[in-house]
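This report refers to the structure that appears directly beneath it.
The values are calculated or read from the model by the stated rules, or taken from the named source; none is laboratory data. Given the structure is predicted, the values throughout are model-derived calculations rather than measurements. Heads up, the Cβs are rebuilt from the backbone with ideal geometry, glycines too, and the neighbour counts pull from every protein chain shown.
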Amino acid sequence: MNKKRWYKDMVFYQIWPRSFKDGDGDGMGDLWGVLEKLDYIKSLGCDGIWFSPIYPSPGADCGYDIADYLDIAPEFGGMEAFRKVLDGCHERGMKLIMDLVVNHTSDEHEWFQKSRERIDPYTDFYIWRPAGPGGKLPNNWDSNFEGKAWTWDEVRGEYYLHLFAVKQPDLNMDNPLVREEVKNILRFWLDLGVDGFREDVITFISKKEGLPNDRLFPIHKGIRHYSHGPHIHEYLEEFKRDVFDHYDCFTLAEVPLVWPKQALSYIDEDKGQIDMMIQFQCQCADCLFTDYLPTKFSLRKMKKAFSSWQKKLYGRAWNMLYIENHDHPRIISRYGNEKYWKQSGKTLATAYLFQQGTPFIYQGQEIGMLNWKPEDPEMYEDVQTRYQYAHKNLRKSPKKRLQKMWRASRDSARTPVQWDASENAGFTTGDPWFFVNPNYKKINVAQQEKDPNSILNFYKKAIRLRKTLPVVRFGSYQEHFPKNSKVYTYSRRMPGQKLLVVCSFSDKPAKFKLPNGFDLMGSRLILTNYPAQEKLLQPYECRVYYWKS
Ligand code: GLC
């Protein structure tokens, strides 16, 4: 099929369903709630939705542990609600993509239940190994969430591998029958009309033969033996050839640990197996590889990450642009400044929305939601957070450990969307499944819809601009003053048009510098977050200038 790359013109909205909007009053976000809010999403200028998993699941990792790939969880409204949402999207000219989680299943999936009993054809659906002498683990790999990557199964009398939580056993993708099942899942949803997939940790699906010990990595032991494993390109190619090539759809792969050069082996527009990728470098300007190893925010690191992806993919592959998702704390609390909440929220939006690629907005980002900071660690729900709190930094005081969770926990960004100032932030009329951030009276959608200077209205304007100015889609990218640690300046150019984006990340006035060859004469200031432009940039000021010849 000759594909039209329609995703290049789009802006996506990510829904983490439990906390988006409850439509039936049971306290849990659901698809009825989504249906109510489709016009809201459209009003932002978004024309696509990515759903984090909505399949039946015991919820050990909030849906990323799937118990049935071919259904929608009853608590989200089941298939009936899903069809309505899908139709509702298509009627509005919006696309819908699902989360494909096939590195692992839930341990409650029928395949696992049969595999542990050695019932064929499921016997080899997972990665089982006998115990070594004295019950020794098969290798020294760590799981990404809870201690070691192996758990003993009494029924089968063997260890199974889980790169994530204990309740998320890894599938054995080397087994062709497993790959056939993956293709059946893909066809099932594509035949139903979905427009593509976000593929969860997809570059972990091929493990190195023999599952060798990892003698190099001090943390995340094993990752170099399962990330970009020996058959990864082959398997992705198989999915593409047998399924994706036959549908008008697109794929977005989540890829931890990847650099642009290597990314091209997956997303090169002529030779790649997938269309876009979620890379993590843009999330590492205030940490070392994971949010649990925080460092001071470095604007230079952020700029370097943005610029290298912009430059190296240009003309060869397409970027996925994001600053927030369900796996990281809120961006204003990290790269911005809660004291300059509104200004820094707008500067962050500007910094990424004028780059080349397809932007994604995570629910609540568009109103500048901030990190949730519970007083009691027991309030955390996330499996990773609970493990980290209970097992790491035990020599530090409980208060210090809790503060670390505020900065690192995924739950910091998983509280219900703040719709209005009524009880439970208008998220539910029932008892909410999770805590609402107490700041909802100040930060909510209803209030920001009324305020022309709100973060929400700023997002709308920025999205409108990026959709109307061809230079944002087609223009080349150049970063200016890369060594400047306070201001991010970049330009975009194409014949007849250019754009200059200047974003201050300082809480003090900063020098405004024009790059060589730029003259404000003849330019139009098309976006800014301050009413008047002074000689100096005000704290977290952003400006976008546009020239047309
Ligand atoms: C991905 C998801 C994350 C999930 C993990 C295991 O990183 O984004 O939420 O916990 O994979 O499926």
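Table for the structure above
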{"read-out": "Matching residues in segment 171-192 - criterion: being under 22 Å from PHE12 (Cβ atoms), in contact with a strand residue (DSSP E or B) (Cβ under 8 Å, 6 or more places away or on another chain) and away from the ligand (no atom under 16 Å from the Cβ)", "value": "LEU186, TRP189"}
{"read-out": "ARG116 vs. criteria among the basic types (Lys, Arg), over 21 Å from LEU186 (Cβ atoms), away from the ligand (no atom under 12 Å from the Cβ) and at pLDDT 95 or above", "value": "yes"}
{"read-out": "Yes/no for PRO432 being within 18 Å of TRP16 (Cβ to Cβ) and either away from the ligand (no atom under 16 Å from the Cβ) or assigned to a loop (DSSP other than H, G, I, E, B) (or both)", "value": "yes"}
{"read-out": "Within segment 500-549, tally of residues that are of a type in the set (Lys, Arg), over 31 Å from the mean Cα position of the chain (by Cα) and closer than 21 Å to LEU353 by Cβ", "value": "2"}
{"read-out": "First in segment 315-340 and in contact (Cβ under 8 Å) with a residue 40 or more places away in the chain and within 29 Å of PRO539 (Cβ to Cβ), second anywhere and acidic (Asp, Glu) and within 16 Å of the ligand (Cβ to nearest atom), Cβ under 7 Å, 6 or more apart", "value": "HIS328/ASP291; PRO329/ASP291; ARG330/GLU324"}
{"read-out": "Pair list, Cβ under 7 Å, 6 or more apart: segment 401-420 residue farther than 15 Å from PHE20 by Cβ, other residue among the small types (Gly, Ala, Ser) and within 16 Å of the ligand (Cβ to nearest atom)", "value": "TRP406/SER412"}
{"read-out": "Subset of segment 141-193 (residues that are in a loop (DSSP other than H, G, I, E, B), in contact with a Pro (Cβ under 8 Å, 6 or more places away or on another chain) and under 21 Å from PRO218 (Cα atoms))", "value": "HIS162"}
{"read-out": "Within segment 29-45, considering residues that are part of a loop (DSSP other than H, G, I, E, B) and buried (at least 22 other Cβ atoms within 10 Å of the Cβ), the one farthest from the ligand (Cβ to nearest atom)", "value": "ASP30"}
{"read-out": "Tally of residues being assigned to a loop (DSSP other than H, G, I, E, B), away from the ligand (no atom under 16 Å from the Cβ) and surrounded by fewer than 23 Cβ atoms within 10 Å (Cβ to Cβ) across segment 318-334", "value": "1"}
{"read-out": "Single unsatisfied condition, GLU209 versus (1) surrounded by fewer than 15 Cβ atoms within 10 Å (Cβ to Cβ); (2) of a type outside the set (A, V, I, L, M, F, W, C); (3) touching a Lys or Arg at 6+ places or on another chain (Cβ under 9 Å)", "value": "(3)"}
{"read-out": "Failed item, numbered, when PHE360 is tested on (1) without any contact (Cβ under 8 Å) to a residue 24 or more places away in the chain; (2) out of contact with any helix residue (DSSP H, G or I) (no Cβ under 9 Å at 6 or more places or on another chain)", "value": "(1)"}
{"read-out": "Of all residues making up segment 472-483, the number that are in contact (Cβ under 8 Å) with a residue 40 or more places away in the chain and either basic (Lys, Arg) or buried (at least 16 other Cβ atoms within 10 Å of the Cβ) (or both)", "value": "6"}
{"read-out": "Selected residue (criterion: farthest from the ligand (Cβ to nearest atom)) from residues of segment 363-389 that are outside any loop (DSSP other than H, G, I, E, B), under 23 Å from ALA425 (Cβ atoms) and in contact (Cβ under 8 Å) with a residue 40 or more places away in the chain", "value": "ILE367"}
{"read-out": "Qualifying residue in segment 97-117 (condition: under 26 Å from the mean Cα position of the chain (by Cα), surrounded by fewer than 14 Cβ atoms within 10 Å (Cβ to Cβ) and in contact (Cβ under 8 Å) with a residue 40 or more places away in the chain)", "value": "no"}
{"read-out": "Condition check for LYS84: over 29 Å from GLY357 (Cα atoms), surrounded by fewer than 21 Cβ atoms within 10 Å (Cβ to Cβ) and more than 14 Å from the ligand (Cβ to nearest atom)", "value": "yes"}
{"read-out": "Among the residues listed as PHE306, PHE289, PHE354, PHE280, the single one being surrounded by fewer than 21 Cβ atoms within 10 Å (Cβ to Cβ), at pLDDT 95 or above and not charged (D, E, K, R)", "value": "PHE280"}
